[in-house]
Structure formats: C-alpha cells, structure tokens
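Reading through the structure tokens given below for one structure.
The values are calculated or read from the model by the stated rules, or taken from the named source; none is laboratory data. Here the structure is a predicted model, which means the values were calculated and not measured. When we count neighbours, we look across all protein chains shown, and the Cβ atoms used for this are built from the backbone with ideal geometry, even at glycine. In case anyone asks, the SASA skips ligands and DNA or RNA and just uses the protein heavy atoms, side chains included. Shrake-Rupley method; radii C 1.70, N 1.55, O 1.52, S 1.80 Å.
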Amino acid sequence: MPWVIDPTVTINGVSFKDKSLWNVQISYGRESIWEQARAAYATIDIVNLNNTNFDLDMNHSVVVTVDNSSGTPVTLFTGKISNVSNSVVGAGSVAQVVVQTVTAVSVFADMARKVIGNSAWAKEYDDARLTRIFTDAGVTISTVDTPPVYEFTARSADPSDAYSLAANYAQQAFGYIYETRTGSVGYANESRRFVQQRDYGYLTIPTNYILWQSLQSQKTLADIMNNLILSYKANAQKTASDATSIATYGNVYGNVVTELETGTDAQTQADRYVTLRAYPRTSLSSFSIQLDNGSVSDANRDALLNISMDTAIQILNLPIGIKNTTYRGFVEGWTFNFNQNQFNLTFNTSDASYSVTPTRWQDVSATLIWNNVGATVTWNTYD
C-alpha cells in the first residue's frame, strides 16, 4: 500500500488539515561539524480559496505532523510564527485565490532574544554550565548529557543572549546543542555520538534510495588545522601540531580560545583538534531521498522521519568519484520538503571519524566484565 503522508499543520490550536498545502519546508541543524545548530524554521504555504480571515499573527504556535508508515502521526516541527506574507495567485469573476506563506521559528530563536548572564557564574563542568544557561533562558530541557567531560573556569557577570552562550560553551566542550521536534532543547557532549553508534549502530541507506543528481561529496582545505594554539584559563596556552601534515599542506594555523579550567583539558583538546583536522576527510555534503518512493522500506522511511543530529548513517557501493570506500557519517543538518502527495528529505553529513571520540571509562557500560581470565593472572605477568 502506498504511503499516505497526511500532512497536518496546526496554528494557534486550529488545524489547517483541510486547507490545501502547496508546500511545507522544515530545516534543522547545521552545515558543518565545526559550527553549532541554528534555529530550526518552517515555511508553510496555505491556499486561501474563499477569502477567509485566518487571523494568523506573530508568536502563534505552529505544529507540523505527518503520518508514518503505520498511519501514526509524527511531529516534525514545533515553533512560533515569525512572519506571514500573502500574495494573490488567481483572480476572476467567481473567486480570488490567495497563498498565505507562514514562516515559523523554533526555540533557539527565543533563546537568541533572551539576555542572561547578569551575575557571575562559579567554576563548573559542561553539564552544569549548559543546564544553567537553558534554565535561565526559560526553555524546556530535553537532555543534558552526563557525566561531565570538561570543566569551565568561573565567569564574570557579562550579559549576553542565551543562544550565543549555549552555542559557545557547547563548542568549547566538543559537543553541540540541538532542538527537538516538540520544542525542547538539549546538549550532547563529545561522547554522545560514540555512545549512539555503539548502542544502535549505523542506519544503512541503500543507494537506490538516493536521487543521484543530488549527491555531492566534499573534501576541503577549510577543514585542515595542523598548527594550533589553544588558550584557556587566564590566557594560558597549549600547543599542538602535526609535522607530516605541515610538510604536505603547509602550515595551516589555528587559534582556539576557550574558558577551560585545567591545562590537562586544554592539552587534550589541542591534541584532538590536530588529530581530527590535520588531514582532510571526504564528507557527503548533500543528498536527497524521495520518501514517497515505493522502493523505500517502511522501516527506513520511519527511521528517516525521525532523523536527528545523533543519527549515524552508512552507504555502501557509492561511485568511486564520490567516495572510494563505504561511507560512514553523522547527520549534521536536514530539510523536509513535502505537500499532500510528495515528500523529499535532503541532508548533509560529516565523516564519522570527526565525531567518534576515544573511549573514556565513564562511557563504558557498568555491565561489561572480563571473561575467561584466570584467577591468578596479574597485570605485570599478563602477556
């Protein structure tokens, strides 16, 4: 049976399901792993056939859903109206046809308008710092990853908008902030993607799902950083470099400013920046899937409707010119485009090696035990 998309837009509690939706576009995430996610947004074309006053106004709530393969509604977006534009697309002796285009933004936009940080903050770890920012911003918190990884130094009173503060500290901790489809926010620390891939594996996307004309990969000098100075507490500095990369690509300097508390954390980060960025890697910068295509399985369609910045993907048998091995990556940003009958998903990814960090003991399951090790074996005698 063909997939019935059944898109529903609800504005200020009023359903527009029975109105013609010419096009709905929803965008999430970021373009590159080296930046933070920006506010998600939706643009919705509503056809007004009978000169009705829909009373669309700023800050009215907007919720967009579609049905999954089982006919169960899945929320794709929650936000508030930020703009309404109207245009006449047809007029005659019988009626006029007006398209009203609604633009809605998600919760990061609210955070960008909220000024916090008027008082000093004590020294604290990344989970406490991000929780503080989200709480002061008055947003609903989804998940803030624990246990913490990096410690930030004390911060003097210095008012700034909550989004910029959250994005800045998440970037300093090798993590990222994100929005959920239901209007809450979260913080993923540097271990999130390692844990997700370890526990759930990669979502395999068959090549026959992909619209080939949309497929693009990229390797760029902009990803390289092979000679780095990293500043931390009280303008102290740590350095890292890669001699082989410098000999191959020349000196590509980087200057990273952080508010990390300890020199150990600062050196760890400096070394990791150079490890990750000394050599360029091929990432799939864009590709699209037509989810209403009959070749897409119900299971994969439902998984892709729930795509997030945690989603690990793999694609086998790509053309050599695109990627000469199996591609494994993480989703960075994505866009849904759909109407009553068609549904397109376009997303960009980064190579998995940028995201999967070395294992730390705090990420190892407490249920993991040694097996088949003799009772008399000691570390100094084990070979």
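In the set (1) surrounded by 15 or more Cβ atoms within 10 Å (Cβ to Cβ); (2) free of Cβ contacts under 8 Å to residues at least 60 places away in the same chain; (3) assigned to a loop (DSSP other than H, G, I, E, B), the condition left unmet by Ala39 is number (2). Which of the residues that make up the stretch 6-20 are over 27 Å from the mean Cα position of the chain (by Cα) and not in a loop (DSSP other than H, G, I, E, B)? Listed by number, the residues that qualify are Val14, Ser15. The set of residues from the stretch 12-36 being open to solvent by less than 40 Å² (accessible area, probe 1.4 Å) and closer than 20 Å to Thr72 by Cα comprises Phe16, Leu21, Val24, Ile26. Scanning the stretch 187-221 for residues that are open to solvent by 80 Å² or more (accessible area, probe 1.4 Å) and either closer than 21 Å to Ala167 by Cα or among the basic types (Lys, Arg) (or both) turns up Arg198, Lys219. Look at Ile46 and say whether it is of a type in the set (A, V, I, L, M, F, W, C), open to solvent by less than 80 Å² (accessible area, probe 1.4 Å) and in contact with a His (Cβ under 8 Å, 6 or more places away or on another chain). No. Pairs meeting the criteria (first residue in the stretch 159-180 and within 30 Å of Val63 (Cβ to Cβ), second residue open to solvent by 10 Å² or more (accessible area, probe 1.4 Å) and among the charged types (D, E, K, R), beta carbons under 6 Å, at least 6 apart or on different chains) are Ala162/Lys114; Gly175/Glu190.
Residue pairs whose Cβ atoms lie under 7 Å apart, separated by 6 or more positions or on different chains, with the first residue in the stretch 133-151 and closer than 20 Å to Asp310 by Cα and open to solvent by 30 Å² or more (accessible area, probe 1.4 Å) and the second β-branched (Val, Ile, Thr) and part of a loop (DSSP other than H, G, I, E, B), are Ser142/Thr180. When every residue of the stretch 205-212 is checked against the conditions, none turns out to be at pLDDT below 95 and under 23 Å from Arg277 (Cα atoms). Is it true that some residue in the stretch 158-170 is more than 27 Å from Thr78 (Cα to Cα) and of a type in the set (A, V, I, L, M, F, W, C)? No.
Of the residues making up the stretch 222-281, those that are of a type in the set (Ser, Thr, Tyr), open to solvent by 40 Å² or more (accessible area, probe 1.4 Å) and within 25 Å of the chain's Cα centre (by Cα) are Thr268, Thr275, Tyr279.
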